[in-house]
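> What follows is a single structure, and I will ask about it in a moment.
The values are calculated or read from the model by the stated rules, or taken from the named source; none is laboratory data. Since we're looking at a predicted model, the values are computed, not measured. Cβ placement follows ideal geometry from the backbone for every residue including glycine, while neighbour counts extend to all protein chains displayed.
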Amino acid sequence: MRNSILNKLILLLCLALVLGSCSESAPKISQTFWQLNLVHDQKTGKDTQALTIFVMASDDDGVDDMDKMYVINDEHQLYWEISGKNLRVEKYGENEVWMGSNFITMPAPEEPLPGGTYRIMLLDSSGERAKTSVVISNNIKGAPDKWPTLTKMGDSVRIEGKADYVWGIQADGTFGAEFQANTGTVSTGSRRFSWYYLYSYLPDKGYGIINGPF
């Protein structure tokens, strides 16, 4: 009888060890970046507000299965699911990544984004999650007198006006690449994209401006 009980205990202990070794590791968030932007639509001429939120995340199991992020404002009953082509991912090794979006907008785009606390929740494919929060104040007061413009030129683009970066967007709507912008011709490294955006940060105002798509 004692041997039977002992064998069962050993079996249960081995099973617990096996299950523990196969358990999924939860993602972790080490840094968070947010910024408000004023976005000028080249096609309609309208200006809207967009929130940029990125998190630096890591996962001992690797970062390839971290595929969904939620941004939640409880006070105003707002939430955004960021996944698929809307999720911008920049890898830094197998276990670390920056991920988020530059284009979090209100359901009615003409409305300003409310200030307050925004919760951020990052999920992997097994359902494990990491959480953090940021407090955002809306300090956007007005558009610039003149927006920078961009002209496509094959493997390069021509920029008129001040801009910090050019964003290349692929045909499926996913983020393609980022290039430092200078007034004049900017090479895209022999890569062609379906659309482009111009981005600049206004340090005297404390927010960014985004112009496009071109």
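> Collect the residues in the range 181-214 that are closer than 22 Å to ASN139 by Cβ and among the basic types (Lys, Arg), keeping them in residue-number order.
Passing the criteria: only LYS205.
> So how many residues does the range 181-214 have that are surrounded by fewer than 12 Cβ atoms within 10 Å (Cβ to Cβ) and either assigned to a loop (DSSP other than H, G, I, E, B) or at pLDDT 95 or above (or both)?
Qualifying residue count for the region: 4.
> Okay, moving on. Against the definition (surrounded by 16 or more Cβ atoms within 10 Å (Cβ to Cβ) and either farther than 30 Å from LYS28 by Cβ or more than 18 Å from the chain's Cα centre (by Cα) (or both)), how does GLY115 come out, yes or no?
No, not satisfied.
> Right, another one. In the set ALA163, ALA171, which member is more than 20 Å from PHE33 (Cα to Cα), outside the structural domain of ILE53 (by TED's automatic domain parsing), without any contact (Cβ under 8 Å) to a residue 24 or more places away in the chain and over 18 Å from the mean Cα position of the chain (by Cα)?
Answer to the check: ALA171.
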